[in-house]
1. Among the listed residues 87, 83, identify the single one that is in contact with a strand residue (DSSP E or B) (Cβ under 9 Å, 6 or more places away or on another chain) and buried (at least 19 other Cβ atoms within 10 Å of the Cβ).
2. So which residues in the stretch 209-231 are under 16 Å from residue 65 (Cβ atoms) and assigned to a loop (DSSP other than H, G, I, E, B)?
3. State which residue pairs qualify: first residue without any contact (Cβ under 8 Å) to a residue 60 or more places away in the chain and inside the stretch 42-69, second residue not in a helix (DSSP H, G or I) in any location, beta carbons under 6 Å apart, and separation of 6 or more residues or different chains.
4. State whether the residues of the stretch 197-210 include one that is buried (at least 20 other Cβ atoms within 10 Å of the Cβ) and in contact with a strand residue (DSSP E or B) (Cβ under 7 Å, 6 or more places away or on another chain).
5. Would you confirm whether or not the stretch 19-31 contains a residue that is in contact with a helix residue (DSSP H, G or I) (Cβ under 7 Å, 6 or more places away or on another chain), part of a helix (DSSP H, G or I) and at pLDDT 70 or above?
6. Give the residue that is surrounded by the fewest Cβ atoms within 10 Å (Cβ to Cβ), with candidates limited to residues of the stretch 131-162 that are modelled with pLDDT of 90 or more and in a loop (DSSP other than H, G, I, E, B).
7. Could you run through the stretch 172-196 and say how many residues are in a helix (DSSP H, G or I) and in contact (Cβ under 8 Å) with a residue 60 or more places away in the chain?
8. Scanning for something more than 22 Å from residue 86 (Cβ to Cβ) and in contact with a helix residue (DSSP H, G or I) (Cβ under 8 Å, 6 or more places away or on another chain), does the stretch 133-152 turn up at least one residue?
C-alpha cells in the first residue's frame, strides 16, 4: 500500500515556505555531527526526565530540555515537525484500526494484510513526503489540535491503562534507542542520507515526540512545552 505519492520533499532552508520536490535516492542534511550531538543531549535529558518520573517528581524544566534537543535535531535533518507528526498520526490510525484494537494493542505486523501497513510501507510513507501539506511553524492552535487527536487516539481504543507515565517512559526510551540504532550507521562526514534512512529517522523522531507529549500531558506539563514551542 502506497500512502503518499512516490516523491521526496525536502526544505532548501528550514522554515522556508518554498518546497522543492525531487525524485531522488538520497536526502541532503545539514550537519550529521551536530545532529549526533543533539542526540546525545536528548539521551541525557531523557534519562533525567525518566528518573524524575520514576521518583514521582517530574519538572517542567526537564520536559523543556528534552524538547529543545528534539527540535534542534529536526532542524539539522531538514524536516518539518508539524507535517511529519501529522503524517505519523495518519499512519498510526491506519496501523491500529479501532475494530482490531479495542482494549488491546494488536501487533500491526500480524494484520498488515488487512490494514495494508507494514514496517516497509510505514517507513516509505514517512520518506515520501509529497503528501505532507504543511511547512508552517508550530503554533498554539496546531498543538491544541495535536493534543485532542492524541487523546482521542488513545481513549477511543481504551488504551489509557497502557499509557500511564512510567509506561510512557519505557515507550519513549525505546523509541530513542531505535533512533540511535538508525543514526549510528550515518557517518559524521555524510552530507546526505539514503531515503530509507531518512524515512526511518523521521518516523522515530515522530514517535518520540508523540510519546513525549503524551507524557507531558499526563504529568501536567503540556502547556509548558506548548509555550516553549510557540514562543
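The values are calculated or read from the model by the stated rules, or taken from the named source; none is laboratory data. Since we're looking at a predicted model, the values are computed, not measured. With ideal geometry, Cβ positions are generated from the backbone for all residues, glycine too; neighbour counts draw on all protein chains shown.
1. Values: 87 fails: in contact with a strand residue (DSSP E or B) (Cβ under 9 Å, 6 or more places away or on another chain).
Of 87, 83, the one residue that is in contact with a strand residue (DSSP E or B) (Cβ under 9 Å, 6 or more places away or on another chain) and buried (at least 19 other Cβ atoms within 10 Å of the Cβ) is 83.
2. Correct list: 221, 231.
3. 52/58
4. Yes; the residues of the stretch 197-210 include at least one that is buried (at least 20 other Cβ atoms within 10 Å of the Cβ) and in contact with a strand residue (DSSP E or B) (Cβ under 7 Å, 6 or more places away or on another chain).
5. Within the stretch 19-31, the first condition is being in contact with a helix residue (DSSP H, G or I) (Cβ under 7 Å, 6 or more places away or on another chain), and the residues that meet it are 21, 25-27, 29-31.
Within this subset, residues satisfying the condition of being part of a helix (DSSP H, G or I) are none.
No, because not a single residue in the stretch 19-31 is in contact with a helix residue (DSSP H, G or I) (Cβ under 7 Å, 6 or more places away or on another chain), part of a helix (DSSP H, G or I) and at pLDDT 70 or above.
6. 158
7. The first filter runs over the stretch 172-196 and keeps only residues in a helix (DSSP H, G or I), leaving 172-183, 195-196.
Keeping just the survivors that are in contact (Cβ under 8 Å) with a residue 60 or more places away in the chain gives 172-173, 176, 179-180, 183, 195-196.
The number of residues fulfilling the criteria is 8.
8. Step one: of the stretch 133-152, the residues more than 22 Å from residue 86 (Cβ to Cβ) are none.
Taking every residue of the stretch 133-152 in turn, none turns out to be more than 22 Å from residue 86 (Cβ to Cβ) and in contact with a helix residue (DSSP H, G or I) (Cβ under 8 Å, 6 or more places away or on another chain).
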